[in-house]
1. Run residue 262 past the list (1) in a helix (DSSP H, G or I); (2) buried (at least 16 other Cβ atoms within 10 Å of the Cβ); (3) out of contact with any Ser or Thr (no Cβ under 7 Å at 6 or more places or on another chain) and report the number of the one that doesn't hold.
2. How many residues, within region 67-79, are of a type in the set (Ser, Thr, Tyr) and crowded, with 24+ Cβ neighbours inside 10 Å?
3. Being acidic (Asp, Glu), crowded, with 22+ Cβ neighbours inside 10 Å and in contact with a Lys or Arg (Cβ under 6 Å, 6 or more places away or on another chain) is true for just one of 157, 178. Which residue is that?
4. If you check residue 177 against the conditions, is it touching a residue at least 24 places away in the same chain (Cβ under 8 Å), outside any strand (DSSP E or B), among the small types (Gly, Ala, Ser) and out of contact with any strand residue (DSSP E or B) (no Cβ under 8 Å at 6 or more places or on another chain)?
5. Considering only region 105-161, state which residues are over 22 Å from residue 280 (Cα atoms) and in a helix (DSSP H, G or I).
6. Within region 1-34, restricting attention to residues that are of a type in the set (A, V, I, L, M) and not in a loop (DSSP other than H, G, I, E, B), which residue is nearest to residue 62 (Cα to Cα)?
7. Answer yes or no as to whether residue 281 is assigned by TED's automatic domain parsing to the domain that holds residue 331, assigned to a loop (DSSP other than H, G, I, E, B), within 21 Å of the chain's Cα centre (by Cα) and surrounded by fewer than 19 Cβ atoms within 10 Å (Cβ to Cβ).
Amino acid sequence: MNTFKELGVDQNIVKGLSEMGIVEPTEIQTQVIPILLQSKADLVGQAQTGTGKTAAFGIPLLEQIDPSRKVVQGLILSPTRELGQQIKKQLFKITKYTDKIFVEAVYGGAKIDEQIKALQRPTHIIVATPGRLIDLVKRDAVNLRNVRTIVLDEADEMLSMGFKKELDKILQFVSAAENKWLFSATMPHGIKQIINQHLRPDAVRVQISGTNTVNKKIEHKFLRCEDADKLNVLIQFLKTQKGERGMIFSKTKAATQKLAQQLEARNISVSALHGDMLQKDRDKAMRAFKNKSSQILVSTDVSARGIDVAGLAYVVHYQMPDKTEYYTHRSGRTARAGNEGLSLCLVNSKELKSVRFFEKTLKISFSEVRALK
């Protein structure tokens, strides 16, 4: 099968996808969409970022919605506001030629009163971060009794952000849902617990690219330098990129802010994204990056989730991540939609161990950069 029509997708949705430039289904879409269109099912999908998971669950979810029923029928849980906004935007575009389906995104960091007001309008699908959804349920601002389908997107990231308790609670709220679909790049122990506790024993399992959850089109490199030299090495690397766009990752909010300021002081076009920023400042930074008025985005791991910007040539790990899944998700910002990309680690003598660990765990190979040209 190599078209959405052959997968059984409604022609009006196919028309919307075509207008978005989405013509050929990805591997996960090819495997998942027919299953979810044809029957009620619990499903566990494991695939790296940038493989088209949103459309894989979004298309079947949209086809299940009865637009004439003015109740919430679908619920999508997302780790971050950025990913939630991205999902809402994509679903809106997909439904351009269908009967009107109303999607609302709710997340922390925005005024809850405004979200409560928005939810009073007809809403068919809610995209939510777990903490904010719990707050809305406590206030009786949202009714989940008619939810037929719940989707957990980037489930491993929600777990690593400490949302296990909230996920269990929400899944109990919608325990009568006919479909529970969980998507994750990695399968840590906590995710397996959620699957065993809340999904049916016969849940369909789909795994893309075998055990390797890292996109094969990413080239992995590392360059040894001590912390005092990292800034100069980074600037030298950016000069070699000749206007290409990319992302740089630091582990902490403070390090992210400091690095962005240091680059800005050297007349490098940069935006920063971290958890201490106000929502309006986060939105401003993302707008600047997406419309190319800034070439580089410096971000923490959590803040970068859900960022889907086409054509990013590289990712730089200014500080190495603590977790395997963070490396997977960081690297997945590049080489999206079939393109190639570079993941470059700037490592001090201690961080070199992380390179070897990721090689072994993720079954990828790193090449060492001796000098930047």
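1. Looking at each condition in turn, residue 262 falls short on (2).
2. Residues of region 67-79 of a type in the set (Ser, Thr, Tyr): 68, 78.
Remaining after also requiring crowded, with 24+ Cβ neighbours inside 10 Å: 78.
Here the count works out to 1.
3. Working: 178 fails: crowded, with 22+ Cβ neighbours inside 10 Å.
Answer to the selection: 157.
4. On the way: touching a residue at least 24 places away in the same chain (Cβ under 8 Å): yes; outside any strand (DSSP E or B): yes; among the small types (Gly, Ala, Ser): yes; out of contact with any strand residue (DSSP E or B) (no Cβ under 8 Å at 6 or more places or on another chain): no.
The answer is no for residue 177.
5. Within region 105-161, 134, 137, 138, 155, 156, 157, 158, 159, 160 qualify.
6. Here is the first cut: in region 1-34, the residues of a type in the set (A, V, I, L, M) are 1, 7, 9, 13-14, 17, 20, 22-23, 28, 32-33.
Filter once more, so that each one left must be not in a loop (DSSP other than H, G, I, E, B): 13-14, 17, 28, 32-33.
Values: 13: 9, 14: 12, 17: 13, 28: 17, 32: 14, 33: 12 Å.
The selected residue is 13.
7. Details: assigned by TED's automatic domain parsing to the domain that holds residue 331: yes; assigned to a loop (DSSP other than H, G, I, E, B): no; within 21 Å of the chain's Cα centre (by Cα): yes; surrounded by fewer than 19 Cβ atoms within 10 Å (Cβ to Cβ): yes.
Taking the combined requirement at face value, the residue does not satisfy it.
The values are calculated or read from the model by the stated rules, or taken from the named source; none is laboratory data. This is a predicted model, so every value here is computed, not measured. Note that we place each Cβ from the backbone using ideal geometry, even for glycine, and neighbour counts take in every protein chain shown.
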